[in-house]
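Heads up: the structure comes next, in structure tokens.
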Amino acid sequence: MPLTEEQYMKELRKQMTEWRHDLHAHPESAFEEVNTAAFVAEKLEEMGIQVETGIGKTGVVGTLKVGDGERVVGLRADMDCICLQEASDLPYGSQTPNRMHACGHDGHTATLLGAAKILSESRDFSGTVRFVFQPAEEPGWGSKAMIEDGFFERFPVDEMYGFHNMPQYPAGTIAVRKGGIMASEDNFTIKIKGKGGHASAPDVVKDPLVMAAEIICALQTIVARNVTPTETAVVSCTELETDGAHNAIPSNVVIRGDTRSFTPEVSRLIEERMESICRHICQMNGAEWEFTYTHEFAPTFNWKENAEYAVKAAKAVVGEERVVENCAPLMSSEDFGRFIQTVPGCFVFLGNRREGEESLPLHNSQFDYNDDILVTGARFFAELVKQRLAK
Ligand SMILES: [Zn+2]
Ligand SMILES: [Zn+2]
């Protein structure tokens, strides 16, 4: 006798929870995801899905073609953990020191496997689905590695979707917005070389620490006075390093930090203004300087139509009242953004907060993915495919 829908979902939940706990116990960080990739490949092959491994070092892509539809939908999960010692007493806690699934990528991986299982069994669409398991989301290098390894040429997709679990939303809520949903991250280093000397003789030195203080304050005017008020950006100095002697004015000071924004134009403006501020303050004080600015994460900028498709699928799965259609963007960054710079797509948040509980933030050493949302995420992905590749 075939399973009822309820029995099927119950079985699926059991299976996905087992996968998730297995992944949680064996976390691997950026580009180390060898066992995780093998785990994913094995499960996909068991489902009869065509698998290719080693894309962008440890990435995996599964391809499932059903019927003669020509469109291709890509669904993406991230596989890496963070370098943190787990402090939980879970029976399936991390077995590897200083490695932990504290961002829930174990849940994301299990969710995409769950979606693959649903779709490989239901086969109620016409077209191709690509299940994209990317490495190294945390440092923001995984999607780039896959793209440079020919992802879009070898595995063409017409549109792509991804998600992240979010403690600020109740379990089962799906939140999305058109446009920027997660910011870009750029990093900067400012090296100032003045002339150090005795702390008691400021008149014969060129004090780089005073210049650094001026620069740090001046950098705050970029968001306040250069970025258009309706745009969003953050400039944060996070490290200040000197030569380190208590009674000597240093010769060298290094300032490091990062900036966040939603568009390449704002990112470029911040970079230009920072360079100009450093140059002028150092020149004015007769010091040498070196300014470096690197682009780490692309912004995650949801395409309008694809955000609408995501909302429609989300409503079909969790009901209208649990879909947030115009959620606030986050200033943190997400490596998925790079994929949808090339093809249309959308990224959503899946709430994970358990009712009546205060949820732990992502990257907390006791974080544990909420297994109650595994099936929700898998059904959302499967529904998107069903709608986008309707027969
Ligand atoms: Zn994270
Ligand atoms: Zn994450």
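The values are calculated or read from the model by the stated rules, or taken from the named source; none is laboratory data. Predicted model only: the values in this text are computed from it and were never measured. When we count neighbours, we look across all protein chains shown, and the Cβ atoms used for this are built from the backbone with ideal geometry, even at glycine. Side chains are part of the model used for accessible areas, which takes the heavy atoms of the whole protein and leaves out ligands, DNA and RNA. Shrake-Rupley method; radii C 1.70, N 1.55, O 1.52, S 1.80 Å.
Taken over region 192-211, the criterion of being open to solvent by 30 Å² or more (accessible area, probe 1.4 Å), out of contact with any Pro (no Cβ under 9 Å at 6 or more places or on another chain) and not in a loop (DSSP other than H, G, I, E, B) is satisfied by HIS198, PRO202, ASP203, VAL204, LYS206. Taking the criterion of being away from ligand 2 (no atom under 16 Å from the Cβ) and part of a loop (DSSP other than H, G, I, E, B), the residues of region 123-163 that qualify are ARG123, ASP124, PHE125, SER126, ASP149, GLY150, PHE155, PRO156, VAL157, ASP158.
Residues that are among the small types (Gly, Ala, Ser) and in contact (Cβ under 8 Å) with a residue 24 or more places away in the chain within region 28-72 comprise SER29, ALA30, ALA37, GLY48, GLY56, GLY59, GLY62, GLY67, GLY69, listed in sequence order.
Identify the residue in region 13-43 that is hydrophobic (A, V, I, L, M, F, W, C) and in contact with a helix residue (DSSP H, G or I) (Cβ under 8 Å, 6 or more places away or on another chain) and, among all such residues, is nearest to VAL132 (Cα to Cα). So, considering only residues that are hydrophobic (A, V, I, L, M, F, W, C) and in contact with a helix residue (DSSP H, G or I) (Cβ under 8 Å, 6 or more places away or on another chain), the one nearest to VAL132 (Cα to Cα) is VAL40. For region 344-369, a residue qualifies if it is out of contact with any Asp or Glu (no Cβ under 6 Å at 6 or more places or on another chain), part of a loop (DSSP other than H, G, I, E, B) and more than 16 Å from ligand 1 (Cβ to nearest atom), and the qualifying residues are ARG354, GLU355, GLY356, GLU357, GLU358.
In region 112-141, the residue that is surrounded by the fewest Cβ atoms within 10 Å (Cβ to Cβ) out of those that are within 15 Å of ligand 1 (Cβ to nearest atom) and closer than 20 Å to PHE349 by Cα is PRO139.
Cβ-Cβ distances below 6 Å connect the following pairs, each with a first residue in region 318-336 that is closer than 20 Å to ARG379 by Cβ, a second residue that is surrounded by fewer than 17 Cβ atoms within 10 Å (Cβ to Cβ), and a separation of six or more residues or different chains: VAL323/LYS315. If the condition is being within 16 Å of ligand 2 (Cβ to nearest atom) and surrounded by 18 or more Cβ atoms within 10 Å (Cβ to Cβ), then region 164-180 contributes HIS164, ASN165, MET166, PRO167, TYR169, ALA175.
Residues checked against (1) open to solvent by 30 Å² or more (accessible area, probe 1.4 Å); (2) modelled with pLDDT of 95 or more; (3) away from ligand 2 (no atom under 16 Å from the Cβ); (4) outside any loop (DSSP other than H, G, I, E, B):
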residue	(1), (2), (3), (4)
GLY62	no, yes, yes, yes
GLY74	no, yes, yes, yes
ASP80	no, yes, no, no
GLN85	yes, yes, yes, no
LEU90	yes, yes, yes, no
ALA110	no, yes, no, yes
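Does ALA287 satisfy the condition of being open to solvent by less than 20 Å² (accessible area, probe 1.4 Å) and farther than 22 Å from VAL385 by Cβ? So ALA287 passes the test.
Listed by first and then second residue, the pairs linking a residue in region 97-111 that is among the small types (Gly, Ala, Ser) to a residue that is within 15 Å of ligand 1 (Cβ to nearest atom) and open to solvent by 10 Å² or more (accessible area, probe 1.4 Å), with Cβ atoms under 6 Å apart and 6 or more places separating them unless they lie on different chains, are ALA102/ILE82; ALA102/LEU84; ALA102/HIS363.
Just need a number here: residues in region 235-263 that are touching a His at 6+ places or on another chain (Cβ under 9 Å) and open to solvent by 60 Å² or more (accessible area, probe 1.4 Å).
1
The set of residues from region 79-104 being closer than 10 Å to PHE367 by Cα, of a type in the set (A, V, I, L, M) and either outside the structural domain of GLY142 (by TED's automatic domain parsing) or within 16 Å of ligand 1 (Cβ to nearest atom) (or both) comprises MET100, ALA102.
Scanning region 146-163 for residues that are touching a residue at least 24 places away in the same chain (Cβ under 8 Å), under 23 Å from TRP303 (Cβ atoms) and open to solvent by 20 Å² or more (accessible area, probe 1.4 Å) yields ILE147, GLU148, PHE152, ARG154, PRO156, ASP158.
So, in region 275-301, exactly how many residues are within 16 Å of LEU209 (Cα to Cα) and free of Cβ contacts under 8 Å to residues at least 24 places away in the same chain? So the answer is 4.
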